[in-house]
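*Asks:* The structure's right below; bear with me while I get my questions together.
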Amino acid sequence: FPSHDTAKVIYDGDSITAGFTIGSYLYGWPRVVSSILGQSLHVVNVAVPGSSVNTCYTQRAQVTGRYDSAFAKNVSVIFAGTNDIDGRASGTIVGYGTTVWTTYTLPYIQAMQAAGFSKVLVGTAIARNWAGSATDKSEKETERLTYNQLIRDNAATYNYVVLDFAGLSEMSNYSNTTYFVDGVHPTRTGYNVMGTYAAPVIAAY
């Protein structure tokens, strides 16, 4: 981990942020941001494949304990949520997108703000091929859309910035193999789309 004074952007999330490890796809969109902004020495990526927002929030001390208000220029970037929704059992899916937002994502945003981060940025969840029955898949997709809208709708109220990855046309169709390698994780082309979009947004902070 870089020292406090060099860690300016702290990424947290799941495999899409950590870098998905299959074949040549050990990449992750933050690497694209760094290549564009020249921040490779000023980044800490604590994202872990398989993480949920629940996990990120529960383990928030790994971020707040190292990169806190003593270093006020630090920026927190949070991008997770679909693992929470995808892990729901049949019959427990409906309404869970709102639960994830209320119980984990918003409290995590507020924890980062309370720790003194100068800005918090939150990514919307890109499309994915859900696990389960046809009914499960439909319900999970509805919850993803609900979750994303809550992220968008609450930004002004809670003073964070939205990285609207889900609003990118390239990341809205998980069956498009130009942008998705397995129906869940982006290809390098997909990561480039995400990182190229995110770089100027992050650079502003």
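*Asks:* Find which of PHE79, ASN173, GLY116 sits farthest along the positive direction of the dipole of the stretch 63-205, computed with +1 on the beta-carbon of Lys and Arg, -1 on that of Asp and Glu, about the Cα centre.
*Replies:* GLY116
*Asks:* Would you kindly state how much longer the chain becomes between SER138 and SER90 on full extension, computed as 0.36 nm times their sequence separation minus their alpha carbon distance, in nm to one decimal?
*Replies:* Details: separation 48, 0.36 × 48 = 17.28 nm, distance 1.12 nm.
Going from the current span to full extension adds 16.2 nm.
*Asks:* Still on this structure, I have one more. Let's see if you can work this out: charge +1 on each Lys and Arg Cβ, -1 on each Asp and Glu Cβ, no other charges. What is the dipole magnitude of the chain about its Cα centre, in debye to the nearest 20? Mind dumping the intermediate values first?
*Replies:* Details: 13 positive and 14 negative charges, 75 e Å.
The calculation lands at about 360 debye.
*Asks:* Please calculate how many Å² of accessible area the stretch 61-118 carries per residue, with a 1.4 Å probe and no DNA, RNA or ligand atoms counted.
*Replies:* Numbers: 2260 Å² over 58 residues.
Result: 39 Å² per residue.
*Asks:* Report the extension gain between SER169 and THR196 in nm, rounded to one decimal, defined as 0.36 nm multiplied by the number of residues separating them, less their alpha carbon distance. Write down the numbers at each step before the final one.
*Replies:* Numbers: separation 27, 0.36 × 27 = 9.72 nm, distance 1.37 nm.
Additional length available on full extension: 8.3 nm.
*Asks:* Taking K and R as +1 and D and E as -1, what net charge do the other residues with C-beta under 14 Å from the C-beta of TYR11 add up to?
*Replies:* Cβ neighbours under 14 Å give a net charge of +3.
*Asks:* Related question: Take the chain, connect every pair of alpha-carbon atoms lying under 10 Å apart with a spring to form a Gaussian network, then pick out the residue of ASP153, ASP164, ASP14 with the largest mean-square fluctuation.
*Replies:* The residue with the greatest mean-square fluctuation here is ASP153.
*Asks:* Can you tell me the relative contact order of the chain? Whole percent, Cα pairs under 8 Å, sequence separation 6 or more.
*Replies:* Working: 362 pairs, mean separation 47.2, N = 205.
Averaging sequence separation for qualifying contacts and normalising by length gives 23 percent for the chain.
*Asks:* Another question, then. Could you tell me which residue out of PRO186, TYR205, ASN154 lies farthest along the dipole of the stretch 131-205 toward its positive end? Charges go on the beta carbon: Lys and Arg +1, Asp and Glu -1, centred on the Cα centre.
*Replies:* TYR205
*Asks:* Another question, then. Name the most mobile residue of ALA61, ALA134, ALA80, meaning the one with the largest mean-square fluctuation, in a Gaussian network model of the chain with Cα contacts below 10 Å.
*Replies:* ALA134
*Asks:* Comparing ARG188, ARG128, ARG88, which has the greatest mean-square fluctuation in the GNM of the chain with Cα pairs linked when under 10 Å apart?
*Replies:* ARG88
*Asks:* Right, here's the next one. Where the accessible area of the stretch 53-165 is counted over protein heavy atoms with a 1.4 Å probe, how much of it, in %, is carbon and sulfur? Spell out each step's value before the answer.
*Replies:* Working: 2240 of 4500 Å².
Carbon with sulfur: 50 percent of the solvent-accessible area.
*Asks:* Quick check: with the 1.4 Å probe, what order do ILE36, ILE78 take by accessible area, largest first?
*Replies:* Values: ILE36 85, ILE78 5 Å².
Listed by decreasing accessible area, they come as ILE36, ILE78.
*Asks:* Over the stretch 139-205, give the accessible area per residue in Å² for a 1.4 Å probe, as an integer.
*Replies:* For the stretch 139-205, the per-residue accessible area is 45 Å².
*Asks:* Given a Förster distance of 22 Å, report the FRET efficiency between ASN159 and ALA61 from their Cβ-Cβ distance, rounded to the nearest 0.05.
*Replies:* Working: r = 22 Å, r/R0 = 1.01.
It comes to 0.50.
*Asks:* Could I ask something else about it? D for the stretch 18-151, whole µm²/s, Stokes-Einstein with Kirkwood Rh over alpha-carbon pairs at 37 °C and 0.692 mPa s: what number?
*Replies:* Numbers: Rh = 16.0 Å.
Reported coefficient: 206 µm²/s.
*Asks:* Then there is this: Excluding GLY81 itself, what net charge comes from residues whose Cβ is under 14 Å from its Cβ, given Lys and Arg +1 and Asp and Glu -1? Intermediate results must be reported in sequence, preceding the final value.
*Replies:* Details: positive: ARG88, ARG128, LYS140, ARG144, ARG152; negative: ASP12, ASP14, ASP84, ASP86, GLU141, GLU143, ASP164.
For residues surrounding GLY81, the net value is -2.
The values are calculated or read from the model by the stated rules, or taken from the named source; none is laboratory data. Here the structure is a predicted model, which is why all the values come from computation and not from measurement. Backbone-built Cβ (ideal geometry, glycine too); neighbour counts: all protein chains shown. When the accessible area is computed, the model is the full protein with side chains, heavy atoms only, and any ligands, DNA or RNA have been set aside. Shrake-Rupley method; radii C 1.70, N 1.55, O 1.52, S 1.80 Å.
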